[in-house]
Structure formats: structure tokens, C-alpha cells
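> Below you will find the structure I want to go over with you.
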Amino acid sequence: MRDAQARTIFLKDYTAPAFLIEKTELHFDLEETQARVSSRLLIGRNPELAGNDQDTLQLDGQDMVLESLRIDGTELTSDDYEIADESLTIRALSSFASQSLDEGFVLECVTLIKPQENTSLEGLYKSRTMFCTQCEAEGFRKITYYLDRPDVMSVFTTTIVADKQRYPVLLSNGNDIARGDLDNDRHWVSWEDPFRKPCYLFALVAGDLRHIEDTFTTCTQRDISLRIFVEEKDLDKCDHAMASLKHAMRWDEEVYGREYDLDIFMIVAVDDFNMGAMENKGLNIFNTSCVLANPATTTDLAFQRVESVVAHEYFHNWSGNRVTCRDWFQLSLKEGFTVFRDAEFSADMGSRSVKRVENVSFLRTAQFAEDAGPMAHPVRPDSYMEISNFYTLTIYEKGAEVVRMIRELLGPENFRAGSDLYFERHDGQAVTTEDFVCAMEDASGMNLTQFRRWYTQAGTPQLKISDNYDASAQTYELLVRQSCPPTPDQSHKEPLHIPLRMGLLDADGNELPLVLDGDQGALATAPTERVLEVTREVQSFVFKGIRSKPVPSLLRGFSAPVKLYFDCSRDDLLFIMTRDSDGFNRWSAAQDLAVAVIQEMLTQQQAGEQPQIDVRLINAVGDVLRSAVDDARGAGELDQAMLAQLLSLPSEAYLGELSDEIDVDGIHVVREMLADTLAATHTETFAELYALCQSDAPYSPDALSIARRALKNCCLAYLVRTQEPGWLEVCAGQFTDAGNMTDVDAALRLLINSRAPEAEPLRAQALADFYQRWQHESLVVNQWFSVQAIASRPGTLQQVKALMTHEAFDIRNPNKVRALISAFCNMNAVNFHDLSGEGYTFLADQVIILNRLNPQIAARLLTPLTRWKRYNPARQHLMKAQLERVQADPELSKDVYEVVSKSLKSS
Ligand code: B3K
Ligand code: ZN
């Protein structure tokens, strides 16, 4: 391995910094082959560290050439310091400083870096024609020598010098305070950020950019200038992001009492970006895919993603920037909380129940898989080798669920008081998840001692619930057992504090008043929904005054990220599906029913029998469809937005995640069989509903319109399954005539996946037309790559390989890698897991290439191979062999090394 020093960093080894950097002045000279970075740092000993007499200063820095180093004006010679791969060390520091180190000294440093050659997209790099930065988590150390850790917070001033023609726009954090012209067509701009911040929030952009501008008036009547910077060709795709930003700013004032602090807020869109976006203070940098949107080029899903990512990054201004993380083990402090905040924002902007369904589906499929795999880690990890590998679904999504559970336990008012206290108490500080929980406890009086285990224990807890009705005593008992499977480094788990939101339904669907044994309250005034606090391994809850055996509605709203096992009959599931007051649980019951039916079919198929479909499921879908038709005619009662969700079968990935050994082909075959049967049985109703959902109204990304398009395209998907040529033509017609990308994209996907022989020429034509029409829109071309990568028919891998040589493909662009390679490996199970093993070899090949170019992307790409233990022995063997091949690469980055070695450990 190249990084022979790849070592594990432990939370228990954390110590406060011996030195702090009070002021940071940066000067960037940007040129075509290199950049010269001059820094002037005002450094002093950390006064809060008792007996601090540290006389050695070690700064982080890598991939740079040091030109000069001075302390208090005196030039140091190469004998005065040591340079290693990742650091610069100055010993006997006090001998260079002009006064005591407690008083502080000025360190001036000039380094040369090569942004043009930086393909890791971390630090300062070039994306197409512009310079930009990505510093979180540890990218700043690729810009200049520094104390690159979040508990070192400093006030930054930044001057950027560059060619005026090529880079007319020069941006950094805060307010621009001065600018001027220089010789040789160069110019400069200086920026000052008055808020102390860690260097991971530093940002710089230089490019030929245009912007749209708007104003937001805050709750205290301050006018904030809002600007979104893009390349000229994208100016027509900024309005949705701007509207989303203004909504987010208002929402954070109203829901969390958080006002924006600077006078200007900027967003810049860049094409080459490792993740979605970055919350740099006052200067958010976005992947184009998370900011650009217009109806012709952007699907509903992407519109919603723009709204939520813009909000997420904006919300970080408080949850992340004003109050930041002490160290990277605390990452979920800002990410979990901010995901929770953006999810609630999206719920308020659109359909709350659909948002919850989407979130939970994602969590149960992807995060649960992570929590059951070799990279499983707690929401607050104890150790890591490469922090970039810990921007995970556990930190983000499970972290958000942990915050949601705190709100479940505290109630909304106490939760708000807790967040107010947290922001007030820790404003300007770098803190820990423990500080967050303490604020919640102090504001509410609630004891969260046991709850803290959610931060330290990995793995998905299981709740096994059984019930018992006693007719003579009129009591109903829920017996709850909790457990959590072992995860790497954690064989034993302690019981967790789990909020279990629930209700009981009588035979008529009425919600029963809930009085627990031992409660004082009277039945008449009792609530019909409660949050049970499960704290013990085995715990019994007995409800009084229950006159007949009820049907329990458990884990409403998915009140905890657990796997629930309750032996619910299919008839009871049908009952909950239609009668429960909780929209989420109605959907959940529908899913559980479909899962039960599919699993039964799978068992039959595996035994060589013809799978049988439980007619109750077919009828239930018919009932939903008929209500949907009534609804579309204005007579129904259903939550419009939930219909498409109710009509969608559980995904292959979710079905796989539920299996002990994932039968890739079996799951695909029986799920397709079920979908085909539903399509054949209900063709007419699907057709009627498809027609009723058509609309001539101009495109709008509001919740109802999105829901209607989703429902319409869900119907079309079933109709195309019938393989009747007529429906293929309708689909091809929608592809050509639709006025928005959502409908075009849906039709294209269906044409590509149709098994009808007549689809063949239509498919080829559609793909050619689509590329022809959209070749100049990079994000649309990504979609074009993806639809081809996820086609389940044989030969797709060859097609993917061919597309990698297409003029539009570029392995250095993460969006392209995600669109083609990741899409194939993660969303095309039957082809990726083909028994030839070619899919695995292909993935390993790409990881080996990307490991040298962009380690973060390479490590992430490996994920599907890390799940090798979930498959049959033949596949396990093939997958493991490819992991071993990757591991044997002598030049492995820390990122890939960590993932591959943990995946193979204990094998
Ligand atoms: N905080 C960034 C993620 C940075 C990832 C660095 N590898 C975006 C976000 O979560 O808002
Ligand atoms: Zn974030």
C-alpha cells in the first residue's frame, strides 16, 4: 500500500489542540499550471489546555511544495523543520518566535500546488474551466500547511489573484471587501468572513460565471443578497434552486428560530464534484445535479432533490457552521441533525406521508444493509482509517432517525426548546453529540442516559412483538422483545431506549382509547395513539378496557429505525391498509402484504413449483386502483400523493435485504411475475386511471402534480407490461410528445425495459433520438447513461462497457461514474450478479483505475462487492476473488484500503 502509514484513528485518543489559529490570511495566485498559496497565520498556544508548554508545532499538509516559511518575519531554513508526506513539523518553536508562544506568533508560509492535476476533487482543483475547492473533511491540507481539524476555528481573509478574462468572478467566504486590477490582465478580489470557522468550511471559486440574484428579508428585516453562480448555458436552470433557498430560509426562521447571519449567500454550481454539495460558510458549492433544474431537462425526482439539498446545505449554516463538530467522530452531530431538518422541511413543502415513505424505504434498504455489512459502525464511530469513508447512510440517515426519536420521546415543544438551548449554548463552538443530547435533556428534564446507546451501538435492532388478548379481563398485552445482531467489533449489545408509536383498532376500524395497566387516567379521556418506551430486553405492555381483540398498528410513522417482527395475518394487513389512521402504516401494511406474497412465491419457485399468487393481494390492488379512479374523478378519499406508492411493489433491493441469502434471480423472476399478473388482471382500470391522470396544465413541481405524474407513469408501467403493441405505441408517443422530462424519462425507461419484440426498434430509435436531442446537456446525458445501465435484459454489461468509450463518458467526472458504473452495479442486480462473475470483474477493474484518480469515488464504488457474504457460495467465491484482486494493488489509497480490508477481514 502506498500509504504505509494508513493507521486507525481512535476517538479515545482525542486531545484538544495545543495551538490555535486566531487569524488566517490567505493569498492565492492562480495560474494555468500551478497556484501559489501564501498564508499568514496568527497562532498561539491553546490557553484552555492546562499546563500547555508545547514547543513543537505539527501542521497538516500534503501534495505541495514549500517555497518559504517564516516565523515572526524570520525565514526558516530546511534544517529548522521536517517535511513528511502529510505534515510539516517545527521543533523548538519558541526559539523562532519573538515573544512567548502564549502571546502568539505569526507564521508565514508559501506553497505551490497544482490544481490542474488534482483529480481527487479534494482541496483546490479545476472543474472544466473554473477553479473550485472542496475541503471537508481533510481537503484544506492539500491547499496549504495548517491545523486541519474542526476544533481549530479561525477568522479568514482571502485574496484571489487571477487572469481577468478567464476568471472574471473570484469568490470566497463572507463579504467582498476590496478589489482591483493588476498588470498582465490580472485582477484581484479580497473577501473577509467575520465568523470564526474551521478550515473545512473554507471555499474559493474562480471562473467565468454568470449569476441570478434575488433578495431575502429576514425576520429582523435585514436584506440578504442571494446569488446563484453557473456557467452561462445554465442560467435558465437556477430559478427552482433560488425559490427553494428562500423557502428554506423562511422555514428555518419559523420552525427553528434561526436567522441567516451574513449579508450575502452564494451558491456555485460545478460539474465535477464528489458528492451533492458543500455548506462552506456563505459560499455553498454544489454539484450541478443538485442545483440545476428546469422542466424540459429535469425530472420530478431531481426537482425534489434540488429543493432538499439546497435546504440541507442552507440549514448547515446553523447545524454545522455556527455550531460545528469537535472532531470527525462527531460527524452525525451536524449531518444527522441536518438531514432530519431537511426531511422535515421537504415534508412541509410537499406530501409528508410520501416523504416519510421514501425516506423509510431508503433507510430499510440501504442503511440496514450497511448496518449488516462489514463497514457497519455506530452513529458516533469509535475509529476510522479514512474519514471520507464515514460519510455514510448510518451517519446521515440513521443519524437523522436518532434525532427523530429524540423528538418522539420529548414531544415537539421540548424538542424545540432543546434545539434552542443547543444553538444558544454552543454558538461559535466545536462540540460533540454528547453536548447535543445534554441540551435536549436539560431543556426537557428527560433522562436520555440509556438512549445514548443509539450513538455508540451499531447494527439494526430487532423488535419481536407478540400479543395476547384476555377476553374475560378485557386486557390486551403486547410482549416486546428487543435484540440487536453483532456487528464488527461489537459482539454484545445492551438494550436500547426505543420509542414505539402505536394504536389499536377495533373490528370496525375505530381507534381504541389506550390506558395501560398502572395508568391513572380514565378510558374516556385516554389518547388513541401512544409512544411506548421500550427499554428492556423483554417488556410487557398491558392495555385495559379492551372489549374485543384489536388489531395493533405498530411503529407508526416508523418511530424507530428497527426491524419489526409481528405475526400479522394477511387479513389484518389488509385491514390496516385500508383502515389505519396513520398514512405511513397503511403503506407499510401494503408493503408487508406484498413482501409476504412474494416471499411465498419465491419459496415455491425455489422448490421447483409454479409460484402461486395470493388473490387477496391482486384484489387489494384492484381496490386501491378503483379508489384512485374515484379519486381522480373527484369522489375518492385517498391521499392522492400516496397512490403511486401504494401501487408500487417492494423493490428487488428491499426484498434482497430481507433475505438471509439473496436469491438475485429468483427475486427478479417472481416479482416480475407478480407485476405482470397485476397488469394483466387490472389492465382496464390502469388504462382508465392513466387517461384520468393526463393534464394539459403547464409543468409545476408541486406535490399534487408530482403525485399525479407518478401515478400516471406507474399505470403506464403496468400497461406496457401487458406487451400489447398498442400500449407500447402509447409509451412511444409519450416519449416523443411529453412536455416535461419526468414523462419523457419514464417512457424511455419503459421502452428500454420492455420485453416485447416490438420494443426493439422503438428502443434503439428512442435512445438515438434522446442523445441527439440532449447531447449538450450533461445532466440529461447522465440520465441517458443510467437508463441503459439498469436495463435488466442480457447483454447490458457489454453495453455499459461500450458506453464507457462513448464521447460523452469521462471517468474523471463522478456524475458520469455514478450514472453508468454505479447504476449498473447497484441498480441492476440480475446483470451485476451474473454467474459468469463478469460484473464483479468489471467493478474491480473500475475501482483499480479510480483508486489512482479519485480514491473517494473508488472506495464508494466498491460497496456492492463488500456485501459478498449475503450471496450463495458460488457468488461469494467470485466476489471475494475480486476484492482480493483489488487488495493486491500495491498503490492502494487509504480510502480503498480501509473498505477492502474490512470487507475481507474475518472471512
Ligand atoms: N458536508 C458535506 C459532505 C462532505 C463530504 C466530504 N467527503 C455535504 C453535506 O452533507 O452537506
Ligand atoms: Zn450535510
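The values are calculated or read from the model by the stated rules, or taken from the named source; none is laboratory data. Predicted model only: the values in this text are computed from it and were never measured. Neighbour counts are summed over all protein chains in view; Cβ atoms, including those assigned to glycine, are modelled from backbone coordinates with ideal geometry. SASA here: full protein model, heavy atoms, side chains in, ligands and nucleic acids out. Shrake-Rupley method; radii C 1.70, N 1.55, O 1.52, S 1.80 Å.
> Across segment 263-288, what is the total count of residues that are more than 25 Å from Arg196 (Cβ to Cβ) and away from ligand 2 (no atom under 16 Å from the Cβ)?
Of the residues in that region, 5 qualify.
Residue by residue, here is whether (1) touching an Asp or Glu at 6+ places or on another chain (Cβ under 8 Å); (2) farther than 21 Å from Arg196 by Cβ holds:
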| position | (1), (2) |
| --- | --- |
| Thr119 | no, yes |
| Tyr125 | yes, yes |
| Gly139 | yes, no |
| Thr144 | no, no |
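> Oh, and also: Going by what's in this entry, would Ser319 be described as within 16 Å of ligand 1 (Cβ to nearest atom) and within 15 Å of the chain's Cα centre (by Cα)? Give the steps one after another, and end with the answer.
Details: within 16 Å of ligand 1 (Cβ to nearest atom): yes; within 15 Å of the chain's Cα centre (by Cα): no.
In short, no.
> If you scan segment 563-601, which residues turn out to be β-branched (Val, Ile, Thr) and either in contact with a Cys (Cβ under 9 Å, 6 or more places away or on another chain) or free of Cβ contacts under 8 Å to residues at least 12 places away in the same chain (or both)? So that I can check it myself, show each step before the final result.
First, pick out the residues of segment 563-601 that are β-branched (Val, Ile, Thr): 576, 578, 595, 597-598.
Ile576 - this is the single residue of segment 563-601 that is β-branched (Val, Ile, Thr) and either in contact with a Cys (Cβ under 9 Å, 6 or more places away or on another chain) or free of Cβ contacts under 8 Å to residues at least 12 places away in the same chain (or both).
> Oh, and also: Of all the residues that make up segment 732-765, how many are of a type in the set (A, V, I, L, M, F, W, C) and over 18 Å from Ala675 (Cβ atoms)? First the steps, then the outcome.
Taking segment 732-765 first, the residues of a type in the set (A, V, I, L, M, F, W, C) are 732, 735, 738, 741, 744, 746-748, 750-752, 756, 759, 762, 764.
Filter once more, keeping what is over 18 Å from Ala675 (Cβ atoms): 732, 735, 738, 741, 744, 748, 762, 764.
Residues that pass the stated criteria total 8.
> Output the number of the condition that Glu48 fails; it satisfies all remaining conditions of (1) closer than 14 Å to Asp151 by Cα; (2) in contact with a Leu (Cβ under 8 Å, 6 or more places away or on another chain).
For Glu48, the failing item is (2).
> Further question: Report whether or not Glu82 is surrounded by fewer than 16 Cβ atoms within 10 Å (Cβ to Cβ) and assigned by TED's automatic domain parsing to the domain that holds Leu171. Reasoning before the result, please.
Values: surrounded by fewer than 16 Cβ atoms within 10 Å (Cβ to Cβ): yes; assigned by TED's automatic domain parsing to the domain that holds Leu171: yes.
Here the answer is yes, as Glu82 does meet what is asked.
> So, in segment 56-79, how many residues would count as being among the hydroxyl-bearing types (Ser, Thr, Tyr) and buried (at least 16 other Cβ atoms within 10 Å of the Cβ)?
Matching residues across segment 56-79 total 0.
> Among strands (runs of 3 or more DSSP E) lying entirely in segment 210-307, which contain 2 or more residues that are within 30 Å of Arg416 (Cα to Cα) and open to solvent by 10 Å² or more (accessible area, probe 1.4 Å)?
On the way: elements: 210-217, 223-230, 264-270, 283-287.
The qualifying strands (runs of 3 or more DSSP E) are 210-217, 223-230.
> Give segment 515-529 a look and list any residue that's over 13 Å from Ile546 (Cα atoms) and at pLDDT 95 or above, or say none.
Of everything in segment 515-529, those that are over 13 Å from Ile546 (Cα atoms) and at pLDDT 95 or above turn out to be Pro527, Glu529.
> Does Ser95 fit the bill of being open to solvent by less than 20 Å² (accessible area, probe 1.4 Å) and either away from ligand 1 (no atom under 16 Å from the Cβ) or at pLDDT 95 or above (or both)? Outline the logic, then answer.
Details: open to solvent by less than 20 Å² (accessible area, probe 1.4 Å): no; either away from ligand 1 (no atom under 16 Å from the Cβ) or at pLDDT 95 or above (or both): yes.
No.
> Same structure again: Looking only at segment 124-149, which residues are surrounded by fewer than 23 Cβ atoms within 10 Å (Cβ to Cβ) and within 12 Å of ligand 1 (Cβ to nearest atom)?
Ala137, Glu138 - these are the residues of segment 124-149 that are surrounded by fewer than 23 Cβ atoms within 10 Å (Cβ to Cβ) and within 12 Å of ligand 1 (Cβ to nearest atom).
> While we're on this one: For segment 630-678, name all the residues that are in contact with a Gly (Cβ under 8 Å, 6 or more places away or on another chain) and of a type in the set (Val, Ile, Thr).
Answer for segment 630-678, where residues must be in contact with a Gly (Cβ under 8 Å, 6 or more places away or on another chain) and of a type in the set (Val, Ile, Thr): Ile662, Val664, Ile667.
> Among the residues in segment 212-227, are any assigned by TED's automatic domain parsing to the domain that holds Leu301, within 27 Å of the chain's Cα centre (by Cα) and under 30 Å from His426 (Cα atoms)?
Yes.
> For Asp371, are the conditions met, namely being more than 16 Å from ligand 1 (Cβ to nearest atom), touching a Gly at 6+ places or on another chain (Cβ under 6 Å) and either under 30 Å from Leu11 (Cα atoms) or in the same structural domain as Lys905 (by TED's automatic domain parsing) (or both)?
Working: more than 16 Å from ligand 1 (Cβ to nearest atom): yes; touching a Gly at 6+ places or on another chain (Cβ under 6 Å): yes; either under 30 Å from Leu11 (Cα atoms) or in the same structural domain as Lys905 (by TED's automatic domain parsing) (or both): yes.
When the stated conditions are applied, Asp371 passes them.
> Now a separate question. Inspect segment 380-398 for any residue being more than 16 Å from ligand 1 (Cβ to nearest atom), over 24 Å from Leu532 (Cβ atoms) and not basic (Lys, Arg) and give the result as yes or no. Explain how you work it out, then say what you get.
Looking only at segment 380-398, we keep the residues that are more than 16 Å from ligand 1 (Cβ to nearest atom), and these are 380, 382-383.
Among the residues that remain, those that are also over 24 Å from Leu532 (Cβ atoms) are: 380, 382-383.
Subset that is not basic (Lys, Arg): 382-383.
The answer is yes, given that some residue of segment 380-398 is more than 16 Å from ligand 1 (Cβ to nearest atom), over 24 Å from Leu532 (Cβ atoms) and not basic (Lys, Arg).
> Here's a follow-up. Can you tell me how many residues in segment 457-477 are surrounded by 15 or more Cβ atoms within 10 Å (Cβ to Cβ) and closer than 30 Å to Glu370 by Cα?
As a first pass, look at segment 457-477 and keep what is surrounded by 15 or more Cβ atoms within 10 Å (Cβ to Cβ): 457-461, 463-465, 467, 475-477.
Within this subset, residues satisfying the condition of being closer than 30 Å to Glu370 by Cα are 457-461, 463-465.
Looking only at that region, the number is 8.
> Okay, next question. Report every pair of residues separated by at least 6 positions or lying on different chains whose Cβ atoms are under 6 Å apart, first residue within segment 331-345 and among the charged types (D, E, K, R) and within 11 Å of ligand 1 (Cβ to nearest atom), second modelled with pLDDT of 95 or more and not in a helix (DSSP H, G or I).
Lys334/Ser319; Lys334/Gly320; Lys334/Cys325
> Do you know which of the residues in segment 531-545 that are assigned to a loop (DSSP other than H, G, I, E, B) and more than 17 Å from Pro461 (Cβ to Cβ) is farthest from the chain's Cα centre (by Cα)? Full working, then the answer.
Within segment 531-545, the subset assigned to a loop (DSSP other than H, G, I, E, B) is 535-537, 544-545.
Filter once more, keeping what is more than 17 Å from Pro461 (Cβ to Cβ): 544-545.
Numbers: Lys544: 43, Gly545: 45 Å.
Here the residue is Gly545.
> Right, next: Looking at segment 630-650, which of its residues are surrounded by fewer than 17 Cβ atoms within 10 Å (Cβ to Cβ) and touching a residue at least 40 places away in the same chain (Cβ under 8 Å)?
The answer is Arg633, and nothing else.
> Which of the residues that make up segment 4-52 are open to solvent by less than 20 Å² (accessible area, probe 1.4 Å) and not polar (S, T, N, Q)? Talk me through it step by step, then tell me what you get.
Restricting attention to segment 4-52, the residues satisfying the condition of being open to solvent by less than 20 Å² (accessible area, probe 1.4 Å) are 17, 19, 21, 24, 26, 28, 30, 35, 37, 39, 41, 43-44, 46.
Hits for segment 4-52 are Pro17, Phe19, Ile21, Leu26, Phe28, Leu30, Ala35, Val37, Leu41, Ile43, Gly44.
> Next question. In this structure, is Tyr260 within 15 Å of ligand 1 (Cβ to nearest atom) and within 28 Å of Ala439 (Cβ to Cβ)? Show your work before the answer.
Details: within 15 Å of ligand 1 (Cβ to nearest atom): no; within 28 Å of Ala439 (Cβ to Cβ): yes.
Criteria not met by Tyr260.
> If we only count helices (runs of 4 or more DSSP H) wholly inside segment 807-886, which ones have 2 or more residues that are farther than 21 Å from Arg128 by Cβ and open to solvent by 30 Å² or more (accessible area, probe 1.4 Å)?
Working: elements: 814-817, 823-827, 829-832, 838-853, 855-861, 863-866.
Hits in segment 807-886: 823-827, 838-853.
> Checking Ala269 against (1) within 16 Å of ligand 1 (Cβ to nearest atom); (2) aliphatic (A, V, I, L, M); (3) free of Cβ contacts under 8 Å to residues at least 24 places away in the same chain: exactly one of these is not met. Which one?
Of (1) within 16 Å of ligand 1 (Cβ to nearest atom); (2) aliphatic (A, V, I, L, M); (3) free of Cβ contacts under 8 Å to residues at least 24 places away in the same chain, only one is false for Ala269: (3).
> Considering every residue within segment 767-790, establish whether at least one is more than 28 Å from Lys237 (Cβ to Cβ) and surrounded by fewer than 19 Cβ atoms within 10 Å (Cβ to Cβ). Walk me through it before giving the result.
Step one: filter segment 767-790 for residues more than 28 Å from Lys237 (Cβ to Cβ), giving none.
Among the residues of segment 767-790, not one is more than 28 Å from Lys237 (Cβ to Cβ) and surrounded by fewer than 19 Cβ atoms within 10 Å (Cβ to Cβ), which makes the answer no.
> Which residues, taken from segment 308-357, are buried (at least 21 other Cβ atoms within 10 Å of the Cβ), hydroxyl-bearing (Ser, Thr, Tyr) and more than 13 Å from ligand 2 (Cβ to nearest atom)?
Ser346, Ser351, listed by residue number.
> Regarding Gly503, is this residue over 28 Å from the mean Cα position of the chain (by Cα) and exposed (fewer than 14 other Cβ atoms within 10 Å of the Cβ)?
Values: over 28 Å from the mean Cα position of the chain (by Cα): yes; exposed (fewer than 14 other Cβ atoms within 10 Å of the Cβ): no.
When the stated conditions are applied, Gly503 does not pass them.
> Continuing with this model, one more query. Suppose we filter Ala400, Ala372, Ala417 for residues that are within 16 Å of ligand 2 (Cβ to nearest atom) and either small (Gly, Ala, Ser) or surrounded by fewer than 20 Cβ atoms within 10 Å (Cβ to Cβ) (or both); which single one remains? Step through it out loud before you land on a result.
Values: Ala372 fails: within 16 Å of ligand 2 (Cβ to nearest atom); Ala417 fails: within 16 Å of ligand 2 (Cβ to nearest atom).
None of the others qualify; the one that does is Ala400.
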